[in-house]
Each structure stands twice: as structure tokens, then as C-alpha cells.
Amino acid sequence: VQLRKKYHIALQLPLDRPLLRLNNIVPFKRGRGGGGGGGREEIKQRTGEKYTIEKLRNIHKYLKPRQSSYSSSFSSVVEGDYLYCHYMQDSFDDKGWGCAYRTFQTICSWLHLQGYTNLPVPSHRTIQQDLVACSSSSSQSSSSSIVGSKQWIGAVELQMVLQHRYCIESRILHVPSGADVSSKARDIYKHFKSEGTPVMIGGGHLAYGLLGIDWNVTEKKSKYLILDPHYTGSDDNVSKILKNGWCGWKDASDVFKADNFYNFLLPQRPRVI
């Protein structure tokens, strides 16, 4: 750590995030998209379980540059690299129940690619095992029967797993109704500005990834950069994925329903080098 700190200071790099670890190596040969983002990416795990290759990296960077439709708006988006994890990847059929797991895998890939961990991105089964392990030492209770099941989990459970697996703190923004999501726009904007981590949204037995927000202060309207884990196709056609809205800017009414409550899981960036 002291050696990295020495080089951070010498190179005038920030002292609150890892930039000189092995995971921070820039892969110049990256598949479609070159070095800018969106190309398919292989994470070779150094330890642990097999985690499949060929996932799209930073797919939101393939979206056309957009001008805000709001006259007085503030935008903030995810900072750093992540992989797009969605249904049916890794030769594993989780259609209909695995959306929260996939969004959590996207968060884990962000932690890995930023150099915060060398742990492998966990499979569904590993997430379930972690949940049982951390539940046994807390007031929350998860039966071992969840392991290998198709049981849906949400932001509260994943907050526990995030702490158990990575020792990373997180916040949960609770919104009683989808009609009230706009009231949390300031908090979401501040999260991406200060933490820059992907967000998991859980509600109505669905989960989504959130990568950014375009917040209109005066009109109290916002657009949300959604990464949808419910996509079941291949990762070979980025334009098709974007055209069909699996990653894109959405109005609140496109995502949030008034009769559902929502929890936003906001992982906090570790202040380490």
C-alpha cells in the first residue's frame, strides 16, 4: 500500500481509489468497440469458480450522445468499467427469476475491474451460499434451502451479501411508490457524483441496473439510464440491444409503477488505493 501511495503521489493520482493494481491494466485488444467501451470482455478469474467470458463492457457508451430535453438539468453516470450481465448467460437458465442476481454480478464486475477485489464474480449459487452464511450471523434469516433454488432476492439481501463478500458498505433508498421516485432524484444524482458505482433497483418482483440520471431541478422530472438484465439474447449485436431498449434512457413511467415500492441499493466506493 505504501509503495502504491508513493507512486500515486508522484503521478498526482487520486488517493481514494485504486489505479495501479493488476486489475487496472488497460486491455488494448478488446473485441468490438476497441478500448473505449462496449466491446466484449473476458475476465479471467485468478481464483475460484468458472465465470464465463464474452460479456459486453460499458455498453452505455454505445448510446448516441444525447442532449438533455430539460433546460435546467444535471446529469451524472457510472464511473469506471462494468460488464453487462443478463438472463441466460454462462449457459445458465435463470429466465424469470435471476434479474437481481445478474444486476448484482454487474456490480461485482465493476468492483473487479476497478481493482477493489480479486474475488471472482459470483455465480447465482455462490450468492445464495453467501446469503445463508451472512444470515446465520444476523437478525435476518435465510434457510439453506435457498441454495440451488430459483428464489427471487432483493436489495436488502444483496446489501448483506455485498458486506459479507467484499466488506463494502451500501445504502438503501426506500421509495414507497413508483410515483415518488422523482423525490429521490437528488440522492441518486449525488450517488453517481460521489460514488460512481452501478445501482441495483428492486421492486415489483423485478430488478434493474441503474447507470445514471438526468435530473431536472425546476420541473422535478428525471430520466434514468437503465441496464436491463431481462435480455435473453446473445451479445453479438450491440445495435439490436440498444435499439430494443435493453440499455437506454427511460422516463420514470417506463420503469416504475405507482402500486409498487422500490429499493435502490447504492454501493459505497471504498476509499482505498
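With 30 Å as the limit, write out which pairs from K150/K220; K5/K190; K221/K243; K61/K190; K64/K184 have Cα-Cα distances beyond it, or answer none. Check vs 30 Å cut-off fails for K150/K220.
Rounded if a/c is under 1.5, else prolate if a/b beats b/c, else oblate: with a ≥ b ≥ c from the C-alpha gyration tensor eigenvalues square-rooted, which is the stretch 93-162? Mind showing how you got there, number by number?
Numbers: a/c = 1.98, a/b = 1.28, b/c = 1.55.
Oblate is the answer for the stretch 93-162, as a/c is 1.5 or above yet b/c matches or exceeds a/b.
Once both labels are positioned 7 Å from their Cα atoms along Cα-to-Cβ, the gap between L13 and V1 label points is 1.6 nm. Cβ-Cβ distance of N24 and K193, R₀ of 22 Å, FRET efficiency by 1/(1 + (r/R0)^6): the value works out to about 0.50. Inter-label distance, C167 to T218: 4.9 nm, where each label sits 7 Å from its Cα along the C-beta direction.
By the gyration tensor of its Cα atoms, with a ≥ b ≥ c the square roots of the eigenvalues, what is the shape of the stretch 152-273: rounded for a/c under 1.5, prolate for a/b over b/c, or oblate? Since a/c stays below 1.5, the shape of the stretch 152-273 is classed as rounded.
Quick one: accessible area per residue over the stretch 117-266, 1.4 Å probe, rounded to a whole number of Å²? Spell out each step's value before the answer.
Working: 6670 Å² over 150 residues.
Counting only protein heavy atoms, the per-residue value for the stretch 117-266 is 44 Å².
Counting only residues at least eight positions apart within a chain, or on another chain, the aspartates and glutamates with an alpha carbon under 16 Å from that of K6 are D16.
The values are calculated or read from the model by the stated rules, or taken from the named source; none is laboratory data. What you see is a predicted model; the values in this text were computed from it and never measured. All Cβ positions, even for glycine, are placed from backbone atoms using ideal geometry, and neighbour counts span all protein chains on display. Surface accessibility is based on the protein's heavy atoms, side chains included, excluding ligands, DNA and RNA. Shrake-Rupley method; radii C 1.70, N 1.55, O 1.52, S 1.80 Å.
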